[in-house]
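Data first, discussion second: the structure below is written as structure tokens.
The values are calculated or read from the model by the stated rules, or taken from the named source; none is laboratory data. Model, not experiment: these values are computed from the prediction. A quick note on method: Cβ atoms are made from the backbone with ideal geometry, for glycine too, and the neighbour counts reach across all protein chains shown. In case anyone asks, the SASA skips ligands and DNA or RNA and just uses the protein heavy atoms, side chains included. Shrake-Rupley method; radii C 1.70, N 1.55, O 1.52, S 1.80 Å.
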Amino acid sequence: MARSDRLLRLLQYMRTEPAPVTAARLAELTGVSDRAIYRDIAALRAAGALIDGQAGFGYTLTEDAALPPHMLTRLETEAVILGLSAVRAGGDPELAAAAADALAKITASLPEQARHHARHAGLRAARVDPKPPLAIDPGAVRNAMWEERAVDIGYSDAEGQTTHRRIWPLSIVFFERALIVLAYCTLRQDFRAFRLDRIRHLETTGHSFRPRRAALLREYLARNAGPIR
């Protein structure tokens, strides 16, 4: 791991691990020696990070030079916590982990009073009924969407009829009971909405539809086209 990457990860571990976090624990997480951690802590302090503590007692990140301070009201803080909590409760493991990391970064960048509000926010999201299981990796759909690459899918509709299609994924919508991918279907030559739990298999192709995703999504939303089948 390059040292610059290790320093960024070190900051992230200091945001997420219970404080104070020992050099031994940081060494375990980053895969280096305690002595390397001491040098990294010194480098981070020189770069402007305010890190309390010392060898043998552990370290606490009190001001993060990698993140500018955010000025959020208490209600704005609650809204951020609620939104990320909903992602952690309803997202796939990769997305839930990203939400947890984002929350740690945002909290670390807040002034002390706002940080206190974030740590003791009163709003949380929870999911009682799980979404239907998926036969595909939703991360593959996200990657194809951002890379603007077509995917080939086998899709079963509400009547159980399976068709094979090539789609251009435009957006993923999180409904209460299902994940929906808004897409342009090359088979129908029109916009369609597909439930991810009805996609039986998915394969990313080498076909690119860049740079049309943003324009197509705007058109889709303007038309409000395509029933959810």
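The table for this structure:
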{"read-out": "Inter-residue pairs, beta-carbon under 6 Å, first surrounded by fewer than 17 Cβ atoms within 10 Å (Cβ to Cβ) and in segment 35-57, second among the acidic types (Asp, Glu), 6+ apart", "value": "LEU50/GLU63"}
{"read-out": "Counted residues, segment 70-102 - those being of a type in the set (S, T, N, Q) and under 14 Å from PHE174 (Cβ atoms)", "value": "1"}
{"read-out": "Filtered residue count, segment 172-192, keeping only those that are among the small types (Gly, Ala, Ser) and modelled with pLDDT of 95 or more", "value": "1"}
{"read-out": "Residue within segment 151-165 that is at pLDDT 90 or above, in contact with a strand residue (DSSP E or B) (Cβ under 8 Å, 6 or more places away or on another chain), closer than 25 Å to HIS201 by Cβ and hydrophobic (A, V, I, L, M, F, W, C) present", "value": "yes"}
{"read-out": "Scan of segment 195-227 for residues that are closer than 15 Å to HIS164 by Cα and among the polar types (S, T, N, Q), ordered by number", "value": "THR204, THR205"}
{"read-out": "Top-ranked residue of segment 192-225 - restricted to ones that are of a type in the set (A, V, I, L, M, F, W, C) and either part of a helix (DSSP H, G or I) or touching a Ser or Thr at 6+ places or on another chain (Cβ under 6 Å) (or both), ranked as surrounded by the most Cβ atoms within 10 Å (Cβ to Cβ)", "value": "LEU196"}
{"read-out": "Tally, over segment 153-194, of residues that are touching a residue at least 60 places away in the same chain (Cβ under 8 Å) and closer than 20 Å to GLU219 by Cα", "value": "1"}
{"read-out": "Tally, over segment 170-191, of residues that are open to solvent by 50 Å² or more (accessible area, probe 1.4 Å) and within 19 Å of ASN143 (Cα to Cα)", "value": "1"}
